[in-house]
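Coordinate-derived values only; no laboratory data. As the structure is a computational prediction, the values presented were derived from the model and not from experiment. Positions of Cβ are generated from backbone atoms using ideal geometry, with glycine treated the same way; all protein chains shown enter the neighbour counts.
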Amino acid sequence: MLTKKIKYNSQVALMFIVFLLVLFSLVFRFIGDMRSESIKKKADEIERQRIKTEFISTIENQYKQMEKLYQAKEYDKVIEVIKVFNQYGKSDYKDLAKIKKEIRLFYLKKKLDFIPKIHLNEYMQLSKDMEIEEDKSTQVFIRIPRYGQYFYPSDFPILLEGIALSLTGDFSDSIIWTSSIDGEIGRGKRLSVRLSIGEHIITATGTNTVTTGSMETLLYIEADPVFIKNNTRN
């Protein structure tokens, strides 16, 4: 009976020892993994700091290269360089803010021929990628009519079309249209108007409730030639 008890106790002790060995093995592996992860993070941080230090030490050369790309109108490449400047806290370096805004306006103007299909979210994402959220300006553009266009009363109504964009949204529906001769002639993105005879400076004004932007265009309204009047009567 005593022998069986001793044998049982020995088996329990052996199982306990095995359990401790497995537990210690797991603990050591966990500590090793944590240590490896910590070392990896530290190495990554050192590498990031090295790259940052290298970038800052050559920042003037980087800026000059970006200027060359900007002057060559390779704006996609310029945006990639701008992102690096932003990443390392140099978004206000020299004329970088001005260049950001000019590129944003370039892409916005490029879309004006496709106003009905303009992707506002894409435009806003581009602005955010370039970190110019602080720009609260309202940009207004007149798409129709072309500058200096001539019209006769027989052409009425004349279509006016514009767009007003800000980083906070599309405010085109609230555009106020005015004429230097007829005063306020309507509101909205698109407008059909009948204007007095004369030289009109047409102004489109939009606001995002914080800032106001505007654009002007010139058009001429001339009396219908006699042959047009005669044909109209007939």
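Points to keep in mind about this one:
- Taking 31 Å as the limit for the C-alpha separation, the pairs Lys42/Lys94; Lys41/Lys68; Lys42/Lys68; Lys64/Lys136; Lys40/Lys90 exceed it in the case of Lys42/Lys94; Lys41/Lys68; Lys42/Lys68.
- With K and R counted +1 and D and E -1, the other residues having a Cβ less than 14 Å from that of Asn61 yield a net charge of +1.
- Karplus (6.51, -1.76, 1.60) ³J(HN,Hα), θ = phi - 60°, over segment 165-181, in Hz, Gly and Pro reported as x: 10, 9, 5, 8, x, 9, 10, 4, 5, 9, 4, 9, 9, 10, 10, 5, 9
- Each residue of segment 72-84 is assigned a 3J(HN,Hα), and the resulting list reads 7, 6, 8, 5, 4, 5, 4, 4, 5, 5, 4, 4, 5 Hz, derived from the Karplus form 6.51 cos²θ - 1.76 cosθ + 1.60 (θ = phi - 60°), x at Gly and Pro.
- Karplus-based coupling profile of segment 56-69, in residue order and whole Hz: 5, 5, 10, 4, 5, 5, 4, 5, 5, 5, 5, 4, 5, 5, with θ = phi - 60° in 6.51 cos²θ - 1.76 cosθ + 1.60 and x standing for Gly or Pro.
- When you filter the trypsin sites (Lys or Arg not before Pro) in segment 66-100 for DSSP loop state and at most 11 other Cβ atoms inside 10 Å of their Cβ, you are left with Lys73.
- Test item: Cα-centred dipole of segment 136-234, Lys/Arg +1 and Asp/Glu -1 on Cβ, debye: 180
- Remark on Arg143: its backbone amide H falls under 5 Å from those of Glu161, Gly162, Ile163, a criterion applied only to residues 5 or more positions apart or on other chains, H modelled at 1.01 Å from N.
- Cβ crowding within 10 Å ranks Leu165, Leu219 as Leu219, Leu165, fewest other Cβ atoms first.
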